[in-house]
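The structure under discussion appears below in the form of structure tokens.
The values are calculated or read from the model by the stated rules, or taken from the named source; none is laboratory data. Given the structure is predicted, the values throughout are model-derived calculations rather than measurements. Cβ atoms come from the backbone with ideal geometry, glycine included; neighbour counts cover every protein chain shown.
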Amino acid sequence: MLTKELVAASTVPLVLSVLTEGENYGYALIQRVRELSGGKIEWTEGMLYPVLHWMEKEDLIESEWREAETGRKRKYYRLRKEGRKALQEEKQQWMSVHETLTKLWKMYPSST
Amino acid sequence: MENVSQFDLNASLGLWLERLVQSPHFRNENVAEMESHVRDSVTKLQSHGLSEEESFLIAIRRVGSVGKLEPEFAKVNRSSRNLILHGVILSFFSVGCWILWALLLVPRIFEKISSDPPPLPAFTRLLIGCRDFLGVPPLLALVYCLYVFIKKSDVRPSWKRFLAATVGAILLLAFPIIVAVLLYFVE
């Protein structure tokens with residue numbers, strides 16, 4: 001389980017990254033993250049929606065209500081150009097943290 | 001074993017959603033999206049062999065408590081501009097009404113300082129007598145603003161409507177008052 005702070009920091013890059021696979025709706029986004037993380041990333045599911053709406057306000061993503069194959073309506077989210085740009089920046093930042101930690105842990109394997 | 005109490009998904013979901021509907025922090029669209037989410041979640045959990053009731057209970061548990069979600073939705077749904085503009089218009093309207101009220105004092109003041117004051121025309125006297133009622137329109141406007149404040153943000157009426165109504169009211173009030181004051185000085 002991630003800490004509250006890490007969940008808050010990682011939700012936006014996770015959503016942006018999952019949406020690079022193509023448009024998707026909230027429930028499926030959560031499923032995808034759970035599946036890829038092997039169940040290690042568990043969100044309070046309802047909390048995703050205010051984040052999605054904030055991202056929409058920031059023009060990172062756009063949304064559309066459409067009828068799904070089940071006959072019910074779902075709100076689909078899609079990446080926008082601004083979102084792709086934001087993802088590139090997020091990626092660089094996360095990679096630098098990741099690389100630094102990896103180097104440190106390689107240097108001092110006993111500490112982990 | 002037979003099911004003793006029949007579980008009704010639509011009824012239980014409706015009851016749960018009602019709490020979101022009642023909250024001013026969830027837009028109607030948010031409620032629809034949460035419903036869609038819970039239904040998807042229930043369908044998925046049922047496909048793993050859980051009963052409809054079990055699936056529903058787990059689904060809403062995973063969504064999180066309404067109390068915890070509320071502040072997050074409130075943050076993103078806050079459209080402060082519309083509310084601020086309502087407040088600004090209310091202030092201007094109140095000041096406008098106060099100016100009209102003060103305007104009605106002018107003939108009275110003039111009457112006091114002049115040595116040989118002409119009598120007040122009947123119409124002027126009537127309006128001066130009623131001038132304290134000018135407190136009523138700002139009060140009504142305040143009540144309206146409070147009503148707007150508790151409305152859901154996606155059905156909240158626009159400030160433009162309020163502006164049109166208050167400007168109309170000021171003009172309607174100003175016309176007879178200006179006539180009454182001028183009438184005194186013309187005579």
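Find the residue count for the stretch B:72-82, including only residues that are under 13 Å from B:Leu20 (Cβ atoms) and either more than 10 Å from every other protein chain (Cβ to nearest Cβ) or crowded, with 18+ Cβ neighbours inside 10 Å (or both).
Residues in the stretch B:72-82 being under 13 Å from B:Leu20 (Cβ atoms) and either more than 10 Å from every other protein chain (Cβ to nearest Cβ) or crowded, with 18+ Cβ neighbours inside 10 Å (or both): 3 in total.
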Report summary line: Of the candidates B:Leu20, B:Leu69, B:Leu104, B:Leu85, the one satisfying the condition of being crowded, with 19+ Cβ neighbours inside 10 Å, under 20 Å from the mean Cα position of the chain (by Cα) and either in contact (Cβ under 8 Å) with a residue 60 or more places away in the chain or at the interface with chain A (Cβ under 10 Å from one of its Cβ atoms) (or both) is B:Leu20
Report task. Of all residues in the stretch A:75-106, count the ones that are under 19 Å from A:Glu62 (Cα atoms), away from chain B (no Cβ under 14 Å) and not charged (D, E, K, R). Result -> 5
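Looking at this structure, is B:Val31 within 30 Å of B:Phe162 (Cα to Cα) and within 14 Å of another protein chain (Cβ to nearest Cβ)?
On the way: within 30 Å of B:Phe162 (Cα to Cα): yes; within 14 Å of another protein chain (Cβ to nearest Cβ): yes.
Considered against the rule, which asks whether it is within 30 Å of B:Phe162 (Cα to Cα) and within 14 Å of another protein chain (Cβ to nearest Cβ), B:Val31 comes out as yes.
Among the residues in the stretch B:73-90, are any in a helix (DSSP H, G or I) and over 18 Å from B:Arg156 (Cα atoms)? Even if it seems obvious, please write down each step before you answer.
Let us first name the residues in the stretch B:73-90 that are in a helix (DSSP H, G or I), namely B:73-77, B:80-90.
Those left that are additionally over 18 Å from B:Arg156 (Cα atoms): none.
The answer is no, given that none of the residues of the stretch B:73-90 is in a helix (DSSP H, G or I) and over 18 Å from B:Arg156 (Cα atoms).
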Requested in this report: Mind counting the residues in the stretch A:69-88 that are without any contact (Cβ under 8 Å) to a residue 12 or more places away in the chain and of a type outside the set (Asp, Glu)?
Outcome: 7
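When you check B:Ala59 against the structure, is it within 14 Å of another protein chain (Cβ to nearest Cβ) and modelled with pLDDT of 95 or more, yes or no? If you could, list the steps in order and put the result at the bottom.
Working: within 14 Å of another protein chain (Cβ to nearest Cβ): yes; modelled with pLDDT of 95 or more: yes.
Judged against the criteria, B:Ala59 is a match.
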Report summary line: Checking B:His48, B:His37 in turn, the sole residue that is within 14 Å of another protein chain (Cβ to nearest Cβ) and surrounded by fewer than 16 Cβ atoms within 10 Å (Cβ to Cβ) turns out to be B:His48
